[in-house]
Amino acid sequence: MDTWSEKCTWHFEFMIPRTVRECISDALLNRIKSLEPFLDFPMIAVSTGELIEQIISPTDADKVVLLYNMKIAVAAPSVSFAIGAFEISKMNGWDAVGSKYQSDYNATADTENAQAIEDLEGSGGGLVFYESHHLDQIHSTTLFLHQVQLLFFIFIFIF
């Protein structure tokens, strides 16, 4: 499972604390009072794949179970996840990727490419997960990503 040629589908199950408060020991909380504003931030697990279900743990009400599924077979080095107290924002300009490509796309394209474009348009846009104090950096560093994505799709579907 350590090589790019060995691919499989994946199912992930993450059990995480519901808030930052459950991640920090009482001893640390007593020593670092500056954490107080962040203690009630919800914890989020972000993973490759599709979020299938999010439930409160049946064994511990302070934890959440998140189930992710990857239907497409990929190699282990392509799998990733992050757990933290993230904010979520929609990526700037992401919605324009599918509609711009659709308007530029030749109407005589094959069915497979047409389906890929429909999937892209229905994806709901790209999301950015970040820590709240990085908001300004997120907007400036993701401003151009929709243009890169558009060029990638044009290259893949036309050439």
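A search for C-beta distances below 6 Å between a residue of segment 40-56 that is under 16 Å from SER89 (Cα atoms) and any residue that is modelled with pLDDT of 90 or more and among the aliphatic types (A, V, I, L, M), counting only pairs 6+ apart in sequence or on different chains, returns MET43/ILE16; ALA45/ILE16; ALA45/LEU66; ALA45/ILE83; VAL46/ALA82.
Per-residue answers, yes or no, for (1) at pLDDT 90 or above; (2) surrounded by fewer than 16 Cβ atoms within 10 Å (Cβ to Cβ); (3) more than 17 Å from the chain's Cα centre (by Cα); (4) part of a strand (DSSP E or B):
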residue	(1), (2), (3), (4)
ILE83	yes, yes, no, yes
SER89	no, yes, no, yes
GLY98	no, no, yes, no
SER103	no, yes, yes, no
ASN106	no, yes, yes, no
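The residue pairs whose first member lies in segment 22-35 and is more than 18 Å from GLY84 (Cα to Cα), whose second member is not in a helix (DSSP H, G or I), and whose beta carbons are closer than 9 Å, counting only pairs six or more residues apart or on different chains, are ILE32/ILE24. The one condition from (1) assigned to a loop (DSSP other than H, G, I, E, B); (2) surrounded by 12 or more Cβ atoms within 10 Å (Cβ to Cβ) that LEU29 does not meet is (1). Scan segment 108-127 and give yes if some residue there is modelled with pLDDT of 75 or more and of a type in the set (D, E, K, R), otherwise no. Checked against the condition, which is being modelled with pLDDT of 75 or more and of a type in the set (D, E, K, R), segment 108-127 yields no hits at all. Residues of segment 128-159 that are buried (at least 16 other Cβ atoms within 10 Å of the Cβ) and among the hydrophobic types (A, V, I, L, M, F, W, C): VAL128, ILE138, LEU145, LEU150, PHE153, PHE157. Filtered by the rule that a residue be surrounded by fewer than 14 Cβ atoms within 10 Å (Cβ to Cβ) and farther than 25 Å from ALA75 by Cβ, segment 1-21 gives a lone residue, MET15.
Farther than 28 Å from PHE144 by Cα and in contact with a Leu (Cβ under 9 Å, 6 or more places away or on another chain): which single residue out of LEU51, LEU67 fits that description? None of the others qualify; the one that does is LEU67.
Does PRO17 qualify as being outside the structural domain of PHE144 (by TED's automatic domain parsing), closer than 30 Å to HIS139 by Cβ, modelled with pLDDT of 90 or more and over 18 Å from the mean Cα position of the chain (by Cα)? Yes; evaluated as a whole, the condition is true for this residue.
The values are calculated or read from the model by the stated rules, or taken from the named source; none is laboratory data. On a predicted model such as this, the values are computed, not experimentally measured, just so you know. So basically every Cβ, Gly included, is an ideal-geometry build from the backbone, and we count neighbours across all protein chains shown.
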